[in-house]
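**Q** Dropping a structure here in structure tokens format, bear with me for questions.
The values are calculated or read from the model by the stated rules, or taken from the named source; none is laboratory data. Source: prediction; values computed, not measured. Here the Cβ is made from the backbone with ideal geometry for all residues, glycine too, and neighbour counts use every protein chain on show. To get the accessible areas, we keep the full protein, side chains included, count just its heavy atoms, and leave off ligands, DNA and RNA. Shrake-Rupley method; radii C 1.70, N 1.55, O 1.52, S 1.80 Å.
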Amino acid sequence: SLELDNQTARHLDGCLGCLACETACPSGVSYGERIEEFRPKLAKSRARPLKDRIWRRIVRTTSQSPKFMSAALYAADKLDTAGLGSLRKRVPGLDVLPAGFDRACFETAPVERSRIAPPSAPVARVALLTGCVADTARPDITRAAVEVFHRNGVEVVPVPEQTCCGALALHNGEPERARAFARSNAEAFSSTNVDFVVSTASGCGL
């Protein structure tokens, strides 16, 4: 069995979980399942330095909450505009997110952003999974998805009670937190009476 020594922990921490290794593995090893199995064990068996624990808590909070992520992006843009240094360059993760954060866009419900009128006699009804950081970081993708649905006669039903799907928590070795997110979303979407639940983020949809 795989021992959770420092070398193993270093590889698990550095893995993005993109699963490209699965398509390249000639033995068909399910690396994704192995990663999700060992990360919770790693979290319980390995004491991290205080600085690491604080940083991971900050990342976890912002990445799983659109409100906290929007606040981080807003602060980053204000600091850059004020000439107080580039927060995006110093904070890992912020540098890959779009600049010029539009707070008004965040405060508008995702399904109301479309410039195309919703269909009066829809051929189907869908709900978008927008309770995560992906929608905050790239609202243009959500807007485009809504417009595509409306152009094809599909109604997009808002689900304001939804949360992060839980995938980020699971990847971070927190299965119970992931299940809590999943249960919350199951309850939020159960009363929508939609035909499909659609995600525009490839990592979501636990």
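**Q** With θ taken as phi - 60° and the coefficients 6.51, -1.76 and 1.60, list the Karplus ³J(HN,Hα) couplings across region 148-161 in order, rounded to whole Hz; mark glycine and proline as x.
**A** So the Karplus estimates, Gly and Pro as x, are 4, 4, 5, 5, 9, x, 10, 7, 9, 8, x, 10, x, 7 Hz.
**Q** Using amide H atoms built in the peptide plane, which far-off residues or other-chain residues are under 5 Å from L19 H to H?
**A** For L19, no residues qualify.
**Q** Given the whole protein assembly as supplied and a 1.4 Å probe, what does the accessible area of H171 come to in Å², nearest 10?
**A** Using a 1.4 Å probe on the heavy atoms, I get roughly 80 Å².
**Q** Moving on to the next point. From the backbone phi of region 181-194, what are the Karplus-calculated ³J(HN,Hα) couplings (6.51 cos²θ - 1.76 cosθ + 1.60, θ = phi - 60°) in whole Hz, Gly and Pro given as x?
**A** 4, 4, 5, 4, 5, 4, 5, 5, 8, 5, 9, 7, 6, 9
**Q** Apply the Karplus parameterisation 6.51 cos²θ - 1.76 cosθ + 1.60, with θ equal to phi minus 60°, to every residue of region 15-26 and state each ³J(HN,Hα) to the nearest whole Hz, in sequence, with x for glycine and proline.
**A** After applying 6.51 cos²θ - 1.76 cosθ + 1.60, I find 6, 7, x, 6, 6, 5, 5, 5, 6, 8, 7, x Hz.
**Q** With Cβ to Cβ distances under 15 Å as the rule, what net charge do the other residues near S30 carry (K, R +1; D, E -1)?
**A** Once positives and negatives cancel, what remains is -2.
**Q** Using modelled amide H (1.01 Å from N, peptide plane; none on Pro or chain starts), what sits under 5 Å from the amide H of V157, excluding residues fewer than 5 places away?
**A** Hits under the 5 Å cutoff: V126, A127, L128.
**Q** Going by amide H atoms built from the backbone, whose H comes under 5 Å of the H on S199, apart from near neighbours?
**A** Excluding prolines and chain starts, which carry no amide H, the hits are L129.
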